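Structure record follows, encoded as structure tokens.
The values are calculated or read from the model by the stated rules, or taken from the named source; none is laboratory data. All values reported here derive from a predicted model rather than from experimental measurement. Positions of Cβ are backbone-derived with ideal geometry, glycine not excepted, and every protein chain shown enters the neighbour counts.
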Amino acid sequence: MNDRKGFGSNFGFLMAAVGSAVGLGNIWGFPNKMGANGGFPFLILYLALALCCGVIIMLGELALGRKTGHGAVGAYQSISKRFKWLGWLGIAAAALIFSFYSALGGYCLRYVVVNFGNLIGAEFGTNGVGGADVFQGLLSQPDVSIAFALAFMLITMLVVMSGVGGGIERVCSVGMPALFFILIICIIRSCTLPGAADGLKYMFVPGWAVANGIIDEAPGFWRVLTAAGGQMFFSLSLGAGVMITYGSYLDKKQDLGKSTMIIVGMDTVVALMAGLCVIPGRFALDPNGALGGPELLFITMQNVFDKMGPAGPVFGILFYLLVFFAAISSSISMLEVIVAHFCDKAREKGKGDRRKLYSAIVVVICAALCALVCADGMGNNHISPAELLGLAGAKLPGWSTSWLGLFDSVAEGLLMPLGALLMCLMISWELKPDTLRQEILLNGENRPWVYDFFRLCVKYITPLCMLMILYGQISDFFI
Ligand code: PHE
Ligand code: NA
């Protein structure tokens, strides 16, 4: 009955899921948010949230997907009448994120090219211009940005067109280990630069960033919680239907509890490693550079490579390739969420395999949104939502100052936490108790506490945390 082709091996599934989780969020989000929110206090709160929300939501999504064998919408539909629209929240989040993520992925490709130019001394290198000017130049050429973003989307599309086992699994099984390897090389280079120690202090020593004037005041509890919560959703790819979709391709031999711990653990380890790679370099070679966001990746890091001497371009190419791998393995999961849903529908109606057709259609639609992000140049080219609404100038909330900000805030700030909250409510109050028990304990029967912990959290602790995070995010929306 279920003729969907899934993952070929558990290793392949893990690499695909880890590939989805590990992405731009780890490389610029985590290290900067950790430094700006007190270092260790943020880490502890993040880990606590990852354990009693992240792990629970991921386990819930994987179990829903595998139990029903459907993509995001179908999974909810076949389980609950009342919550059947919930999958659409995930699809909307995936589409919005895919649109701005591709713009950023395109920038990564461009920077691989630029650093290659530096290596061979060609015209298309940085030509002694600083990272800020390189980036500014890029932002003011929407046509070039769009071309690179399209290249990124086309690569994503080709992988998704090749299917789950043949495309996604194969690319991630090679890309993820490669990423890990390059990351280690970059960490060694970064941490042995003179002055790198300040970067480690920024990340790990509580109060260091405030004492050294890098941020103005220590953030309060709510700000740290909101930062950690948003980061957790985005970083673990939760609330976007990804884990439901990937779970639906997973065979019954695998222990979901163990897989969940591996995915969450790897994502956290890579986030910390990315911090060790990026932040010490910034403190050593570009002490006034931005510490987060696209500026960290595309201005600060380029300055770091430009100041490294003859080996700079080599590390530049390696680094931007690494970020590209991280981004592409995440973007294929976003596209897969959407494509899987429409393929399921087509198959139900007996229309056969329409994967290629749907991949192309979705990419065309998201490319239009992505073009908006590129043309806007992160708010630099004066077509941001605020400016189109004639509101520019006043003190504006972050979401209105660029299309990227808007897509990000709606997806990460609203759709993902809301979707996850409602999923918890559905699992704990609408499903018969223990509906998911068998699914979760399959091949993990010797650890019944996994399910007990899941049930306790999914009913009380996770929804409560989710409400607190939502409250924090929504109050951020209005200032
Ligand atoms: N987890 C990815 C990152 O850290 C982003 C992502 C979000 C991927 C939602 C898929 C779905 O960059
Ligand atoms: Na991540």
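Some points to look at:
- Residue in region 26-36 that is more than 14 Å from ligand 1 (Cβ to nearest atom), of a type outside the set (A, V, I, L, M, F, W, C) and crowded, with 23+ Cβ neighbours inside 10 Å present: yes
- Pair list, Cβ < 9 Å and 6+ apart or interchain, from region 202-227 residues that are at negative phi to residues that are in a loop (DSSP other than H, G, I, E, B) and loosely packed, with under 12 Cβ neighbours inside 10 Å: Val210/Asp216; Val210/Glu217
- Within region 274-329, being under 16 Å from the mean Cα position of the chain (by Cα) and on the phi > 0 side of the Ramachandran plot holds for one residue alone: Gly293.
- Close pairs (7 angstrom Cβ cut-off, 6 or more residues apart or separate chains): under 9 Å from Met161 (Cα atoms) in region 340-360, small (Gly, Ala, Ser) anywhere: Arg355/Gly163
- Unmet requirement for Lys395, which otherwise passes all of (1) more than 25 Å from the chain's Cα centre (by Cα); (2) within 16 Å of ligand 2 (Cβ to nearest atom): (2)
- Which listed residue, of Gly39, Gly74, Gly60, Gly23, is within 26 Å of Phe298 (Cα to Cα) and away from ligand 1 (no atom under 14 Å from the Cβ): Gly39
- Test: residue in region 411-424 that is in contact with a Cys (Cβ under 9 Å, 6 or more places away or on another chain), under 20 Å from Cys53 (Cβ atoms), within 16 Å of ligand 1 (Cβ to nearest atom) and not charged (D, E, K, R): yes
- Residues of region 126-148 that are closer than 15 Å to Asn381 by Cβ, part of a helix (DSSP H, G or I) and touching a residue at least 60 places away in the same chain (Cβ under 8 Å): Phe135, Gln136, Leu138, Leu139, Pro142, Ser145, Ile146.
- Test set (1) crowded, with 24+ Cβ neighbours inside 10 Å; (2) touching a His at 6+ places or on another chain (Cβ under 8 Å) - Gln77 fails condition number: (1)
- For region 345-386, the set of residues classified as part of a helix (DSSP H, G or I) and of a type outside the set (A, V, I, L, M, F, W, C) consists of Lys345, Arg347, Glu348, Arg355, Lys356, Tyr358, Ser359, Asp376, Pro385, listed by residue number.
- Applying the criterion of being touching a Lys or Arg at 6+ places or on another chain (Cβ under 9 Å) and within 16 Å of Gln438 (Cα to Cα) to the residues of region 230-255, the residue that is farthest from ligand 2 (Cβ to nearest atom) is Lys252.
- Note on region 388-412: residues that are in a helix (DSSP H, G or I), out of contact with any Asp or Glu (no Cβ under 7 Å at 6 or more places or on another chain) and closer than 30 Å to Ala228 by Cα total 12.
- Helices (runs of 4 or more DSSP H) fully within region 215-328 counting 2 or more residues that are more than 16 Å from ligand 1 (Cβ to nearest atom) and among the hydrophobic types (A, V, I, L, M, F, W, C): 221-235, 256-285, 301-306
- Selection from region 256-268 of residues that are away from ligand 2 (no atom under 11 Å from the Cβ) and either buried (at least 24 other Cβ atoms within 10 Å of the Cβ) or not hydroxyl-bearing (Ser, Thr, Tyr) (or both): Leu256, Gly257, Lys258, Thr260, Met261, Ile262, Gly265
- Selection of region 1-50 for residues being modelled with pLDDT of 90 or more, away from ligand 2 (no atom under 16 Å from the Cβ) and in a helix (DSSP H, G or I) yields Asn10, Phe11, Gly12, Phe13, Ile44, Leu45, Ala48.
- Apart from one condition, Cys370 fits all of (1) in contact with a helix residue (DSSP H, G or I) (Cβ under 6 Å, 6 or more places away or on another chain); (2) over 18 Å from Val144 (Cβ atoms); the exception is (2).
- The condition (being in a helix (DSSP H, G or I), of a type outside the set (A, V, I, L, M, F, W, C) and either surrounded by fewer than 17 Cβ atoms within 10 Å (Cβ to Cβ) or in contact with a Phe, Trp or Tyr (Cβ under 6 Å, 6 or more places away or on another chain) (or both)) is satisfied by just one residue among Gly175, Gly167, Gly195: Gly175.
- All of (1) away from ligand 2 (no atom under 16 Å from the Cβ); (2) under 30 Å from Gly165 (Cα atoms); (3) touching a Pro at 6+ places or on another chain (Cβ under 8 Å) hold for Met203 with one exception: (2).
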